[in-house]
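Notes to accompany the following structure.
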Amino acid sequence: MQSRSGDPQEVLRQVFGYAAFRGPQAEVVQHVMDGGSGLVLMPTGGGKSLCYQVPALCRPGLGVVISPLIALMDDQVAALRQAGVAAAALHSGLAADQATALWRQLAAGSLELLYVSPERLLAGDLLDRLAGGAAGQPPSLFAIDEAHCVSQWGHDFRPEYIQLGVLAERFANVPRLALTATADPRTRSEIVERLRLEQGRVFLASFDRPNIRYLLRAKDQPTRQLLSFLEQQRGQSGIVYARSRSRVERLTAELQAAGHEAVGYHAGMESGQRSAALDQFRSGGSSGAVVVVATIAFGMGIDKPDVRFVAHVDLPKSLEAYYQETGRAGRDGLPALAWMVHGPGDVPQLRRFIEESAAPPEQKRIEHGKLDALLGFTDAPGCRRQVLLANFGEQLLSPCGNCDACLEPRSLGDVTVAAQKLLSTVWRTGQRFGAAHLVDVLLGSTSERIRSLGHDQLSVHGIGSELDRDQWRSLVRQLTGLGLLEEVPDGRGGLRWGSEPEVRQLLRGDRKLELPLAAPKRERRQQQPRDGQIGAAVGGGSAGIAADWGDADPELLAALKRWRSEQARSQGVPSYVVFHDRTLLELAARRPRDRNELIGVNGIGTAKLERYGEALLEVISAAGNTTSNQ
């Protein structure tokens, strides 16, 4: 198929309905238009797809998109077809007649974009067919989505991704664009090396997701805390992450009993059950708002833009995984919540997972370091977002004002004496024991292990009664985050002094240390703050609209949503494939009166104008008549 136009700006406007590129999109698109390859790091919801979809439609030839999950491919293809793009996905879920029709389209050169899994791309003769060229033309580009899957020790490793380096050899003159929303500096280097992108450019957008509010709570009866949180989110779609399959099943039952439309999702379920759960979530189910309770098996296939919250009842395994999982909320740019309960009891199991893995010692040390970074985030004395972004090498100069640490600032207390006691205990026990043992000594434990080591005879034994166990462990993590303590580099989790000059300065009393410590456990339940509803605008209320379309008519918005649901149901696609909530909000605010005004609304391109224009104008006019008659 011949390209539509060589002008990316025109394709952006006519096909996708946007007046201008955002952030680094224009620079990336031009780089690919010029035949360049590279790595794009852009947050979820930041518009990564346009970075390859637009140049694929501008350049001659077939655009090939390598994507890891069938659900993700199907969503992208459905959305592109709505926009009038000839797109298809090649995967194992196709019926025989569908696969035959797709191969005919490929041979005829009538497709503009082909989505394919890495396994399917590398199997059979597909690479040979692409090398031969569809209708005599080589591919316009290769886009490798979710490129962090190439990292062997990353949280979403897919071994087939490593083999994609072959594209550099077989298609040396075809642009290759790797894209991901989650990659720390180490993972970025691994992507560049394994995908042979050393001669390409790296495009790095801000990792910040300012529409997401980060709320962390001390874990205390997590099921009760979760139900209380979800009560304030009724009518919203969301994801609840738990560590084990049994926990997922228990929580799903609890949520259903509390009246939520909840479904479970984990790797132990039958494939058909998982597909049904995903379909129910994407479609909105019978209530329009489904809560999925899942292990990390529920992940990259989520292209649903109106997820209003992501909740964690267990710590994820790293800050990178946390960013990836919470990033599934608020892809539409509207307000969303990332809520998590955490406590020291989460840590031993995560440490054990690392130690019992097949990773080599060096990688285990890296994984322990990643876990330490996560713990530094949970115990950060200040803005959460500043700590989160620093993990990705990005500096946020001032507190965000949209996390629990900023919204509910904890008062600082003088912990100088407690820190001196802790550092002295580390020294007198030989600088080789972990936090649990150190706290046992401080609290005066007479366990067999303490007695067998003679630590019940030390001068520091029992001197820490002013703090409870959770407070001591929080202090351990905060001193580690400040560099006053560090992990012994043998992978066993022991602690030793960090910066010795600073430690000795503190021990001499030449430095005062003020840090936030949670109240004793017996008091925390009474102090637990309520977590207010975020993004009520999308459910029909008013909060959150002001940021974008403050004059949106709630009755018109509700009518547009009903119309969209009918369209989606009749076509068998999720509602957001027809139009995103942001488009409906803009329609409800601007109330366009004719087709010329409709084309100026974000998300309405030429194909959607032709398909839905008259119907939208009728809904808007009818809502206006209803209002005037009241």
Query raised in the report: Yes or no: Gln53 over 27 Å from the mean Cα position of the chain (by Cα) and among the polar types (S, T, N, Q)?
Result: no
Requested in this report: Could you pull out the residue among Gly393, Gly413 that is surrounded by fewer than 20 Cβ atoms within 10 Å (Cβ to Cβ), touching a helix residue (DSSP H, G or I) at 6+ places or on another chain (Cβ under 8 Å) and either modelled with pLDDT under 95 or basic (Lys, Arg) (or both)?
Outcome: Gly393
Query raised in the report: Quick one: in segment 585-610, which of the residues that are touching a Gly at 6+ places or on another chain (Cβ under 8 Å) and not in a helix (DSSP H, G or I) is modelled with the lowest pLDDT?
Result: Ile599
Query raised in the report: Right, Leu371: surrounded by fewer than 19 Cβ atoms within 10 Å (Cβ to Cβ), within 30 Å of Val441 (Cβ to Cβ), at pLDDT below 90 and of a type in the set (A, V, I, L, M) or not?
Result: no
Requested in this report: Kindly indicate whether Val619 is in a loop (DSSP other than H, G, I, E, B) and in contact with a helix residue (DSSP H, G or I) (Cβ under 9 Å, 6 or more places away or on another chain).
Outcome: no
Query raised in the report: All but one of (1) in a helix (DSSP H, G or I); (2) crowded, with 21+ Cβ neighbours inside 10 Å; (3) out of contact with any Leu (no Cβ under 7 Å at 6 or more places or on another chain) hold for Arg209; which doesn't?
Result: (1)
Query raised in the report: Taking the condition closer than 25 Å to Gly285 by Cβ, of a type in the set (Phe, Trp, Tyr) and without any contact (Cβ under 8 Å) to a residue 60 or more places away in the chain, does Tyr612 pass?
Result: yes
Query raised in the report: Within the group Asp551, Asp531, which residue is surrounded by fewer than 13 Cβ atoms within 10 Å (Cβ to Cβ) and either at pLDDT below 85 or in contact with a helix residue (DSSP H, G or I) (Cβ under 7 Å, 6 or more places away or on another chain) (or both)?
Result: Asp551
Report task. Determine if segment 113-124 includes at least one residue that is in contact with a Phe, Trp or Tyr (Cβ under 8 Å, 6 or more places away or on another chain), assigned by TED's automatic domain parsing to the domain that holds Glu190 and on the phi < 0 side of the Ramachandran plot. Result -> yes
Query raised in the report: When you go through (1) within 18 Å of Tyr52 (Cα to Cα); (2) part of a helix (DSSP H, G or I); (3) in contact (Cβ under 8 Å) with a residue 60 or more places away in the chain one by one for Asn173, which number turns out not to apply?
Result: (2)
Query - Within segment 314-342, tally of residues that are polar (S, T, N, Q) and farther than 14 Å from Ala181 by Cβ - result: 1
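The values are calculated or read from the model by the stated rules, or taken from the named source; none is laboratory data. Just so it is clear, the model here is predicted, and its values are computed rather than measured. Glycine also receives a Cβ, built like all others from the backbone with ideal geometry; neighbour counts cover every protein chain displayed.
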